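A quick write-up on the structure given underneath.
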Amino acid sequence: MTIKEIAERINGRVICGEEKLSEVIEFAFSSDLMSDVLKVDRENILLITGLANLQTIRTSEMSDINCIVFARNKKINSEILSLAEENGMVLIECPHSVFKISGELYNAGINPLY
Amino acid sequence: MQYRFKIAGGDFSNAGTVASSVKKILRQLNIDHGVSKRIVIALYEAEVNVVAHAYSGIVEIDIDNEKLRVTITDQGPGIPDIPKAMEEGFSTASPQVREMGFGAGMGLSNIKRNCDILNITSEPGAGTNVEMITYLKPDAR
């Protein structure tokens, strides 16, 4: 699925990285624990999380994750936005829970890692 | 080549800036991507540990043709029982650290998995010294 299709499927709002919406994502991982995200060895995955802070972006930078969905209506502040833009990431805000987003995208064909 | 960085304990908004700088350096040096990723993940976890537990820390990076050595020396409470701290799930992290998405007791095991040699020494009440060595050729492990 393209990032654009992912955002539409979950009623997400793209906050930055619009130029990358045509990129294709095959795998996703849902976690609020950044140490678990750092254990993921596949690249180009979608991260679904309820943790909206600078460490979400830093962790994604180290893990080469370029697209993050923030669940439960978590808001992205300007500090987070600026670090994400610096790293060329796509950020998507979404009103749904991690469970619902994961279920929707799983049904749509996005693969789990484990 | 040698590089040196400072880490300020408790400065949560800057946790990860050293690992980010090192990632850029390794990219410029054309270090193998998989090797570079292991190095920056281990360094990032170690950096978060200093921010979370210590008052201040110094990171020294030493790169030669064969390997990269990271030495992190902090002034802080130290680790009274290193084998216990290495156990996955053991944590003394504050609620503030948990709010950052860490503090589940996985940092040291993540570090161990992502470097080839790990040496930790600590003096309780004074500080901790972490040495991480990673071989730069993927098949040298």
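The values are calculated or read from the model by the stated rules, or taken from the named source; none is laboratory data. These numbers come from a predicted model, not from an experiment. Please note: Cβ atoms are built from the backbone with ideal geometry, for glycine as well, and neighbour counts cover all protein chains shown.
Considering only residues that are surrounded by 22 or more Cβ atoms within 10 Å (Cβ to Cβ) and assigned to a loop (DSSP other than H, G, I, E, B), which ones fall in the stretch A:55-83? Matches in the stretch A:55-83: A:Ser63, A:Ile65, A:Asn66, A:Ala71. Of the helices (runs of 4 or more DSSP H) lying entirely inside the stretch B:50-141, those carrying at least 1 residues that are in contact with a Phe, Trp or Tyr (Cβ under 9 Å, 6 or more places away or on another chain), buried (at least 19 other Cβ atoms within 10 Å of the Cβ) and of a type in the set (A, V, I, L, M, F, W, C) are B:95-99, B:107-113.
Selection of the stretch A:84-112 for residues being part of a loop (DSSP other than H, G, I, E, B) and either out of contact with any strand residue (DSSP E or B) (no Cβ under 7 Å at 6 or more places or on another chain) or modelled with pLDDT under 95 (or both) yields A:Asn87, A:Gly88, A:Pro95, A:His96, A:Ser97, A:Ala108, A:Gly109.
When A:Ala52, A:Ala28 are checked against the criterion of being part of a loop (DSSP other than H, G, I, E, B), touching a helix residue (DSSP H, G or I) at 6+ places or on another chain (Cβ under 9 Å) and not basic (Lys, Arg), a single residue qualifies: A:Ala52. Scoring A:Phe70 on the criteria (1) in contact with a Phe, Trp or Tyr (Cβ under 9 Å, 6 or more places away or on another chain); (2) within 13 Å of chain B (Cβ to nearest Cβ) leaves a single failure, condition (1).
The residues on offer are B:Val22, B:Val35, B:Val18, and the sole one that is touching a residue at least 60 places away in the same chain (Cβ under 8 Å), within 14 Å of another protein chain (Cβ to nearest Cβ) and either part of a strand (DSSP E or B) or within 20 Å of B:Ile133 (Cβ to Cβ) (or both) is B:Val35.
In the stretch A:19-47, the residues that are in contact (Cβ under 8 Å) with a residue 40 or more places away in the chain and more than 8 Å from chain B (Cβ to nearest Cβ) form Cβ pairs under 7 Å with partners that are surrounded by fewer than 17 Cβ atoms within 10 Å (Cβ to Cβ) and part of a strand (DSSP E or B), at six or more places apart or across chains, as follows: A:Leu21/A:Thr2; A:Glu23/A:Thr2; A:Glu26/A:Asn111; A:Phe27/A:Asn111; A:Arg42/A:Phe27; A:Ile45/A:Phe27.
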